[in-house]
Every structure is written in structure tokens, then in C-alpha cells.
1. Taking 35 Å as R0, compute the FRET efficiency from the Cβ-Cβ separation of LYS73 and SER154 and round it to 0.05.
2. Sort VAL94, VAL104 by accessible area with a 1.4 Å probe, largest first.
3. Kindly report, to the nearest 10 Å², the accessible surface of GLU65 as traced by a 1.4 Å probe over protein heavy atoms only.
4. Express in nm, to one decimal, how much length is gained between GLU58 and LEU21 on full extension, taking 0.36 nm for each residue of separation and deducting their alpha carbon distance.
5. Which of LYS69/LYS162; LYS98/LYS161; LYS73/LYS128; LYS50/LYS132; LYS73/LYS132; LYS50/LYS146 have a Cα-Cα distance over 21 Å?
6. Rolling a 1.4 angstrom probe over the protein chains, ignoring ligands and nucleic acids, what is the accessible area of TRP72 in square angstrom, nearest 10?
Amino acid sequence: MIKKLLILLVFSFSQLESSPLLDFTIQNHPHSITSLDSNQNDPSSLWYMKENGLEESEIQNLTEENFSKYDWKRIKVPGNLTPPKENEKQKRTVILAKWIEMDVDPNIQYSFRLGIINDRDRTYLNGKLIGKTGEWDSPFPQNYDKLRIYSIPSHLILPKKKNLLLIKIQLYFQNSGGMKQSIFSQKITSVFPGNQWKKLR
């Protein structure tokens with residue numbers, strides 16, 4: 001009996017190891033502005049990054065259960081992304097992802113205020129496109145100095161559950177790119193009520 005119990009415990013711990021818990025940010029109050037910046041003293045605040053992008057169908061079908069099967073790195077946001085591989089000449093596409101638990105008020109319009117992104121982006125919440133800036137695959141730089149503000153359709157928010165904010169970025173410049181510091185605020189990325197943004201502006 002003890003032997004069977006030990007085998008069961010070992011198997012259970014191996015399952016836990018193979019499916020690590022996702023780090024996520026909590027918005028504690030529906031009227032608050034929540035920074036999604038990485039905190040130097042909190043490793044769990046790092047973002048997830050994947051090189052080479054994801055297909056549209058993969059983005060639409062990402063869940064807590066299958067998220068960890070992809071090759072994610074942890075990075076600090078805001079900041080410059082990793083330099084390109086040697087002799088890499090084509091435009092690079094990377095994915096940045098952040099899990100957020102939101103306490104929402106149905107009477108408030110929420111928005112993501114993204115900092116300056118170099119160069120073009122497609123932004124998704126729970127697999128649905130909520131905003132985009134720039135022409136994909138354009139031969140010219142377009143939006144490396146533009147601030148993004150995307151409204152969140154209320155029906156896409158899962159209250160008090162993990163929501164996946166995913167940003168697909170196509171870099172233009174070889175040695176720099178990613179999410180830069182916002183010129184309006186100390187927060188690079190925030191989720192906040194739209195009416196509060198009007199006050200800030």
C-alpha cells in the first residue's frame with residue numbers, strides 16, 4: 001500500500017513539473033489603472049516571448065492548457081528585444097504575451113494603452129484581434145514612434161479569470177525593436193478605464 005502511494009505521489013509531482021503554473025498580473029479593482037511593466041524585483045512580472053511568431057489559428061486556440069507547449073522565453077518589458085541571429089536579413093516577427101486577471105465593471109469601457117512599438121503590431125485578447133497598426137510586410141518603417149491605444153470589447157474579457165494579451169510584432173530595424181517606453185506615462189502597458197484615459201490626456 002505504501003509503495004503504491006509513493007508511486008502515485010511521484011507521478012503527481014512529475015505532472016506538476018510538466019505543466020508549470022503561468023505567471024499573471026491581477027487587476028484588483030475595476031476602477032484602477034494597472035501597470036503591466038516588468039518589475040525588476042518580481043520575476044513573475046516578466047513577459048513571455050516567442051521568436052518566429054504564431055499562425056493565426058494557433059493564436060486563436062491558445063489556452064492555459066496548451067500555452068506551455070510552445071517555446072517561450074521570459075523577457076523584461078519595456079525593453080529592446082534580443083538582437084537578430086547572425087546573417088538574418090528577413091523581417092523578424094516575435095510574439096509577446098502576458099496573462100492578466102481582471103476584475104471588471106460592466107459600465108466601464110476598458111482599453112490597453114500600449115507603449116511605442118517598433119515597428120508594426122497585431123494585438124489580440126483571448127485570441128481575438130482588438131487592434132493593429134502598420135502595414136504588415138511593408139518595405140518601409142512605419143510606426144516605430146507611434147503610441148497604441150486599443151479599446152477592449154467587453155464581451156472578450158473573462159472576469160476574474162486569466163485573460164491572454166498577445167502582441168504580434170514585426171520588427172523593421174535589425175538591431176532594435178519591441179515595446180519602448182511610453183512618452184505619456186511611466187507605464188509601458190496598462191489596462192485602464194477609457195474615461196480615466198481621457199482625464200490623463
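The values are calculated or read from the model by the stated rules, or taken from the named source; none is laboratory data. Nothing here was measured: the structure is a model prediction, and the numbers come from that model. Quick reminder, even Gly has a Cβ in these numbers, built from the backbone with ideal geometry, and neighbours come from all protein chains shown. SASA here: full protein model, heavy atoms, side chains in, ligands and nucleic acids out. Shrake-Rupley method; radii C 1.70, N 1.55, O 1.52, S 1.80 Å.
1. 0.65
2. Of VAL94, VAL104, the descending order of accessible area is VAL104, VAL94.
3. 150 Å²
4. Values: separation 37, 0.36 × 37 = 13.32 nm, distance 2.03 nm.
Gain on extension, GLU58 to LEU21, equals 11.3 nm.
5. Flagged as over cut-off: LYS73/LYS128; LYS73/LYS132; LYS50/LYS146.
6. 40 Å²
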